[in-house]
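Right, one structure below, let's go through it.
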Amino acid sequence: MVALEAILLVWGVRDEVLKKLPVEGYWLYGEYDFIAKVEFADENELKEFSLRLARLVGRGKFKLYPIKLSSSIFKNSIENPQIKEMGKNTVFYVF
């Protein structure tokens, strides 16, 4: 199972909306209003979260920056042929 981690930044929304966010994070004072680290089981879960968040805060008021792609494959030895094959055939997404 592949897990994704991302940083969520939200700006330009009122406090009432921030209280409704489905993740725990930190309120900021400045250019951004909120920051959180979020985890997803796969890319589809990330896309669903993004759509749900767009309905809540509005499009163009948040950004998800993927920071980590992890898998049980990476925990094995570097000599593992699966790692070499994954490196050749892997597409990394930036939203």
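Only the coordinates and a few stated rules stand behind these numbers; no lab work does. A quick note: this is a predicted structure, and the numbers were derived from the prediction, not measured. Here the Cβ positions follow ideal geometry from the backbone for every residue, glycine too, while neighbour counts run over all protein chains shown.
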Per the rule of 0.36 nm per residue minus the C-alpha distance, extending Tyr32 to Lys68 adds in nm 10.8 nm
Projected label distance in nm at Trp11 and Asp42, using a 7 Å step from Cα toward the beta-carbon:
3.4
Arg55 versus Val23: modelled label distance in nm, points set 7 Å from Cα along the beta carbon direction
1.8
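Would you mind checking Lys20/Lys68; Lys19/Lys47; Lys37/Lys68 for any pair whose Cα atoms are more than 18 angstrom apart? Write down the numbers at each step before the final one.
On the way: Lys20/Lys68 26 Å; Lys19/Lys47 22 Å; Lys37/Lys68 11 Å.
Lys20/Lys68; Lys19/Lys47, as the Cα separations exceed 18 Å there.
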